[in-house]
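The values are calculated or read from the model by the stated rules, or taken from the named source; none is laboratory data. Quick caveat, the model's predicted, so the values are computed rather than measured. Heads up, the Cβs are rebuilt from the backbone with ideal geometry, glycines too, and the neighbour counts pull from every protein chain shown.
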Amino acid sequence: MAQRIVVIGGGAAGIGAAGAAKGADPAADVIVYTEFEDVGYSPCGIPYVHGKEIPDFQRLFLATKEAYAQQGIDIHYETRVAGFDTSAKTVSVEGEGDVPYDKLIVCTGFNYAPTGVPGADLGGLYYVKNIRQAMDWDKVLDKTRTAVVVEASPLGLEMVTALCHRGIETHLVDPDAWALAVATDPDIAGPVQDSWVQAGAKLHFNTTLQGFVGDGTVRAVATSAGEIPCDLAVVCTKKQSNTELARAAGLRVGSADGLIVDEQMQTSAPDVWAAGDCIEVPHSVTNIPIQGLSGSHAYAQGKVAGTNAAGGQRRYQPVSVPWGMVAGDWMIGGVSFSETLATALGIPHVVGTAEGISRARYYPGVEKVRVKLLAEPGPLRLIGAQMVGREGIKERADFLAMAVRTGITIHDLATMENVYSPPIGALNEPIALAAQALLAGLRS
Amino acid sequence: MSFSRWLRATSEHYLMVAAQEKVAAKYHVTPPRPPRGAEVFWLRIYVPAYRALPWRVRSAVMRRLPGSHRRTWTKGEKPRGPAI
């Protein structure tokens, strides 16, 4: 008899898990429950439709509903799971009753951290998540003159950029001293902030959100620096693991507030796996668990969970978290630790920074690339990096993430070989220049 | 919220604010605003006490907190010598 694998959640992790489970055991009955109308789209693309870089929302869909049905994945749309019982091995589904499972994969994603301020129930507060709602909000943006983005999180940076592109007067309210302070340093965030100001944005750093003001619909955002009148507020607070169902079922949660899993994505309960924003995984440098990673992490974790739930063998690795994005006129990115984060945790480190170029100095379109490397003192293994430029940031972040994972040192990077081809690479690789600067700093 | 979660979240927040003070000074940008009320305890007593501990001690405490890091995570075997 075919085993039944139930997946709760239809985001990147859930769809990755369902596809991998079907791939590992084609005979398995794979059922996905999602409370939303759609699965298999890229919510990460929503800010770029709002910014008009992407012409329509349809492009964000990866596959049709028919395609999933043809793969043998039974997706129950707009269907809410009320709970699950790991002893009885059942999932309680609204409208369907108790559904038995052989293997369960929990991919319940995230919720935005509550703002905890008065007026949080007003209309006109936009939480970017669901594509259907985003389509409706996009029409609202056509009539919006002034918007406030709450918090300079990764999504907040993307939304400020998108709203500026759209010609909307945009205010950013953030309690930290600069944008994305949890991941970036001021020398990296500075060019982004300057470009926002040039685009007309008003930046309110070191400013605390105190409330949303309005009568039914928000008309202003109250802050420690005064009220900002607005037509709309985009709430971009931290992503928190949505573990409500799992906690109720007795699954263990760690200090990062995500479900505890092992390298196979197996939870603390037998025959239950989990993946995506609802879990926490160890950081490759510190071995401290972290939560709230990217869509690519969620999808990869889903594939691991799905394969193992179906009886296959796949392992996940501790993460070093390469990241990158377009913000303002710039690309920024990095891996693992910024100077700020390393300083916060008290991790001993040395720093080297250099400014290189993205192409041959004479080639049209050449741009500056600023690279900062962090290494542990002594052996000088790479533990973090930060970059700002206009091209080639993502590829460098991916490369540096592998360098962190494999224990590559600053000595290795200072003598690295690099591609030299005038349209795509300069004689001197900016990463190598930063490593050489770090070594020169130590010598002096 | 469990005590370990509260401790980690609160500790991380104030350690980040204190780090922004330091890094802002290095790069000559506007620092976070001065602490008020209970923030004074965290920023002027807790953070210096945390920083006074050696990294090995801090790391050992963090690793004792409950979490995924205490489950099985196998390090991949790396081949040695030339590839061929």
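I'm trying to understand the selection: among the residues of region B:1-29, which are farther than 23 Å from A:GLY190 by Cα and more than 7 Å from chain A (Cβ to nearest Cβ)? Before you say what the answer is, go through the steps one by one.
Kept after step one, since they are farther than 23 Å from A:GLY190 by Cα, are these residues of region B:1-29: B:1-12.
B:MET1, B:SER2, B:PHE3, B:TRP6, B:LEU7, B:ALA9, B:THR10, B:SER11, B:GLU12 - these are the residues of region B:1-29 that are farther than 23 Å from A:GLY190 by Cα and more than 7 Å from chain A (Cβ to nearest Cβ).
Would you check which residues across region A:391-410 are polar (S, T, N, Q) and modelled with pLDDT of 95 or more and list them?
Quick first cut of region A:391-410, residues polar (S, T, N, Q) only: A:406, A:409.
Selection gives A:THR409 alone.
Of the residues A:ILE408, A:ILE424, A:ILE357, the single one that is within 27 Å of A:GLY328 (Cα to Cα) and surrounded by 17 or more Cβ atoms within 10 Å (Cβ to Cβ) is A:ILE357.
Name the strands (runs of 3 or more DSSP E) wholly inside region A:96-196 in which the number of residues that are surrounded by fewer than 19 Cβ atoms within 10 Å (Cβ to Cβ) and at positive phi is 3 or more. Don't jump to the end; show me each part of the working.
Values: elements: A:97-100, A:103-106, A:110-112, A:146-150, A:169-173.
Those strands (runs of 3 or more DSSP E) do not exist here; none qualify.
Once region A:16-68 is narrowed to residues that are touching a Phe, Trp or Tyr at 6+ places or on another chain (Cβ under 7 Å) and of a type in the set (Ser, Thr, Tyr), the residue that is farthest from A:ARG132 (Cα to Cα) is A:THR34.
The condition of being more than 14 Å from the chain's Cα centre (by Cα), more than 8 Å from chain B (Cβ to nearest Cβ) and closer than 30 Å to B:VAL47 by Cβ holds for only one of A:SER268, A:SER338, A:SER255, that being A:SER338. Checking A:ILE332, A:ILE393 one by one, the residue that is surrounded by 22 or more Cβ atoms within 10 Å (Cβ to Cβ), out of contact with any helix residue (DSSP H, G or I) (no Cβ under 7 Å at 6 or more places or on another chain) and either of a type outside the set (Gly, Ala, Ser) or more than 13 Å from every other protein chain (Cβ to nearest Cβ) (or both) is A:ILE393 and no other. Checked against the criterion of being surrounded by fewer than 23 Cβ atoms within 10 Å (Cβ to Cβ), closer than 30 Å to B:VAL61 by Cβ, out of contact with any Gly (no Cβ under 8 Å at 6 or more places or on another chain) and within 14 Å of another protein chain (Cβ to nearest Cβ), region A:298-315 contains one or more residues that satisfy it. Of the helices (runs of 4 or more DSSP H) entirely within chain B, those holding at least 3 residues that are under 14 Å from the mean Cα position of the chain (by Cα) and more than 28 Å from A:TYR316 (Cβ to Cβ) occupy B:3-27, B:47-52. Looking across region B:67-84, the residues that are buried (at least 16 other Cβ atoms within 10 Å of the Cβ) and either more than 10 Å from chain A (Cβ to nearest Cβ) or not hydroxyl-bearing (Ser, Thr, Tyr) (or both) come down to B:GLY67, B:HIS69, B:ARG70, B:ARG71, B:TRP73.
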